[in-house]
1. Quick check: is even one residue across the range 166-180 outside the structural domain of L238 (by TED's automatic domain parsing) and without any contact (Cβ under 8 Å) to a residue 40 or more places away in the chain?
2. Of the residues R110, R147, R132, which single one is of a type in the set (K, R), in contact with a helix residue (DSSP H, G or I) (Cβ under 6 Å, 6 or more places away or on another chain) and assigned by TED's automatic domain parsing to the domain that holds G189?
3. Name the one entry in R183, R195, R219 that is surrounded by fewer than 23 Cβ atoms within 10 Å (Cβ to Cβ), over 24 Å from E249 (Cα atoms) and among the charged types (D, E, K, R).
4. If only one of L135, L68 is surrounded by 14 or more Cβ atoms within 10 Å (Cβ to Cβ) and under 25 Å from A221 (Cβ atoms), which one is it?
5. Got a number for residues in the range 92-116 being under 19 Å from the mean Cα position of the chain (by Cα) and farther than 11 Å from S199 by Cα?
6. Among (1) touching a residue at least 40 places away in the same chain (Cβ under 8 Å); (2) surrounded by fewer than 20 Cβ atoms within 10 Å (Cβ to Cβ), there is one condition R73 misses while meeting the rest; what is its number?
7. So, restricting to strands (runs of 3 or more DSSP E) that lie completely within the range 106-218, which ones have at least 2 residues that are under 29 Å from V6 (Cβ atoms)?
Amino acid sequence: MIVPTVSLPMYNLPEMRPANAAFWHALRDLLSEAGVEALPEGLDFKRPPVPDRIGAETLFSQTCGYPLETIFRGQAIRLGTPCYDAEGCEGPTHCGFFVVPADSHAQVLRDLAGGTFLLNSRHSNSGMNLPRRALAEIADKGTLFGRVIETGSQPGNLDRIARGEADMTAVDCVTYAFWHRHRPDAGAGTKVIARTPPSPAIPFVTSVETPPRTVEMLREALHRLAHDDRFAEIRAGLLIKDIVDVQAERYRALLDYEAEAARLGYPVLA
């Protein structure tokens, strides 16, 4: 028997656990009212942002758009895309921020040539795919940085930038907003010097093996959570203004950024 799991691993600072838990509890109540049974009591806070797969056990989660089109292709169904109340977002879109230490002399991306770049994951959209497309315009013969260090964590990279341990990183603008909200002292040690191209925001998903009727109930519950005044405080806790449907073609367009970077001679962020 498959035991369903629920998680919100994309914006999962330890300080955000109460807000994430409140979101799931509200969604769980709506799903229970609709007749969905055997719902998990709580979120799996240990699920990584880029898991090994999106298996049949995944009832509800949130997954970056780029791996949905690459390593997770065919494994998930999109349930809706949040519209975030954060700088860098417009409707159901977001972007990546290039972040440097506050005392950095860099004013434009080219000023960071030869430096150390912190990368959360080779499968990340805002941490790799979108920055790669922006950096492809200035990379010389496929190389820009002296070192690229893969760390596994966007918030961890921001902490390190604030401490002056590297020259630059790229993070999701929503991650940056949450990190600033919960770690303002560290936030004062960083600054944004550029943005990546835009992208559809990170969608909520379920496994492709979730029964169609349950998929529809998940979508309806998210719609109610996004529009019912009872949940306004819960939405504000996660900076969510709305949850909307975004056409699949807009996510597939993330592969266009990949192809464009390759045509410009920068297939790998380096």
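The values are calculated or read from the model by the stated rules, or taken from the named source; none is laboratory data. As the structure is a prediction and not an experimental result, all values here were calculated from the model. With ideal geometry, Cβ positions are generated from the backbone for all residues, glycine too; neighbour counts draw on all protein chains shown.
1. yes
2. Result of the check over R110, R147, R132: R132.
3. R183
4. L68
5. The total comes to 3.
6. The one condition R73 does not meet is (1).
7. By residue number, 168-172, 204-207.
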